[in-house]
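The structure appears below as structure tokens.
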Amino acid sequence: MADEAGSVSAGGDASGPWQALSSGFEEARAREDSLDRLVEWPAERALLGDVTGLSVLDAGCGNGAKLVELARDGAVSSVGVDISGSFVAPPAGVELVRGDLSDLTAVPGVAGRTFDRILFLQSFGYAADGVRALQRARELLTDDGYILLTRTQPIRYALERAEENGTSLGQEYFSTQPFAYQHRAWDDRVTLTKRPYTMSDLLNTFSAAGLWIETTVEPQMTADNARRYPHKQAVLDRYLGILMFTLRPRR
Ligand SMILES: C[S@@+](CC[C@H](N)C(=O)[O-])C[C@H]1O[C@@H](n2cnc3c(N)ncnc32)[C@H](O)[C@@H]1O
């Protein structure tokens, strides 16, 4: 699962761990049995629908491969922003820029433009201040534009910590203490500091940023993939997966 919860290195250099993690993350994502390939990207793609003629801003775009695919499907004038700065070679109509998603309006190549779709795919938790990041993103939307944002089910982290610490799900779910996290599938030598969050934290963040939820999806495997990749179905059976939201400005 391409998981995320949030780095707390808000005031410092947030790029350090991501420069180290980017190749491990992309290798894990590219594997045939990655949950990103089996569940997340198909669900994200379905939510985006026909992107012909639409401009897309991908905040925390990784190496930019998803944006390149959207450009191949007809998206135009699109920009990917990532703090790691490790990008694929972009085709015409796609710019990939090193920058911080905490304030997209300040990123060169983004400032002064508007976008039909703004994506925070497993990247929103890394914003220094979630409400502010969404308020800034909202300013960059066209009149009919929306944000597609995905986040790991908070129950997943609470369950993992409860198993690790011998505590209960509720104790960990409602804990407010930042915790250290190593992504075994990416690179277990790199530690990220994560902020715990609850469902109400997440929903209140959207409201505080002046957004309303148009759609919520909790994507799962197809029956065929569940049969082919039972070890991945077991992960979803235990940890639920991720949440996807389309968010529109309250006018
Ligand atoms: C879990 S990966 C998700 C990548 C991609 N969106 C996807 O769906 O496959 C999180 C990404 O967020 C990027 N990131 C972390 N902190 C960031 C920040 N402050 N500003 C911009 N990108 C950031 C990382 O470099 C990484 O590529």
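In order along the range 132-143, the Karplus-derived 3J(HN,Hα) couplings, from 6.51 cos²θ - 1.76 cosθ + 1.60 at θ = phi - 60°, round to 5, 4, 6, 4, 5, 4, 4, 5, 9, 7, 5, 4 Hz, and Gly and Pro are given as x.
Magnitude of the charge dipole for the chain, about its Cα centre and with charges confined to Cβ atoms of Lys, Arg (+1) and Asp, Glu (-1), is about 220 debye. Relative to the dominant Cα principal axis of the chain, helix 154-165 is inclined by about 30°. Give, as a single signed number, the net charge of other residues whose beta carbon lies under 14 Å from the beta carbon of residue 86, with Lys and Arg counted +1 and Asp and Glu -1. My count for the surroundings of residue 86 gives -2. The mean sequence distance of close C-alpha pairs (under 8 Å, at least 6 residues apart), as a share of the length of the range 28-97, puts its relative contact order at 27 percent. Among 155, 118, the ranking by other beta carbons within 10 Å of each residue's beta carbon, starting with the fewest, stands as 155, 118.
Here's how it looks for residue 97: its modeled amide H is under 5 Å from those of 80, 81, 82, which are all 5 or more places away or on a different chain. Semi-axis lengths, largest first, of the ellipsoid equivalent to the chain are 27, 21, 19 Å, with √(5λ) applied to each eigenvalue of the Cα gyration tensor.
Under 8 Å for C-alpha pairs, at least 6 residues apart: give me the relative contact order for the chain, rounded to a whole percent. The value is 22 percent.
None of the figures in this text is laboratory data; all of them are computed from the coordinates on show. Bear in mind the structure is a predicted one, so any value in this text is a computation, not a measurement. Please note: Cβ atoms are built from the backbone with ideal geometry, for glycine as well, and neighbour counts cover all protein chains shown.
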